[in-house]
Amino acid sequence: MQGRRKAREVALQILFQADVGNLPIDEAVEVTLADLPDLDETTRQYAAALAKGVWSRRKELDAYLRSAAPHWPVERMASVDRNLLRIALYEILFVDDVPCPVAISEAVELAKEYGGAESRRFVNGVLGAIVRKLGLT
């Protein structure tokens, strides 16, 4: 098994295609997974479920992001940052077997790899603010 980190990375790719490329989520899932034939089935399933879950709840997730970063409109956030925040927040709120610190840590690590120079700090700060506001610390 390649693990959930890889699934989060693939979900980020899927969400980027849906978000920036304006592809329907099902098509983004299909296209992205077709480009990754060596991905194991468990990773494929988690990546697809994560991307579809995030996409279906993005308005709700974005409301949390707006409240935690009022000076950064969600639409103006870097697309990688925005989608990493959505993924982590989705896992925090809706995936029972992902501990909050793990969701945050994974988002920060992916931000280091795929985001800009300040992405890691931005993602960590926004998620930290949301978690504190929700009383999950």
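Every number in this text was worked out from the coordinates using simple rules, so none of it is lab data. Being a predicted model, the structure only gives us computed values, none of them experimental. Note: ideal-geometry Cβ built from the backbone for every residue, glycine included; neighbour counts use all protein chains shown.
Summary of computed values
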item	result
Residue check for Arg82: more than 17 Å from Val10 (Cα to Cα) and surrounded by 15 or more Cβ atoms within 10 Å (Cβ to Cβ)	no
Entirely in region 50-129, the helices (runs of 4 or more DSSP H) that have 3 or more residues that are free of Cβ contacts under 8 Å to residues at least 24 places away in the same chain	58-68, 100-114
Region 33-49: number of residues that are part of a helix (DSSP H, G or I) and over 27 Å from Asn124 (Cα atoms)	4
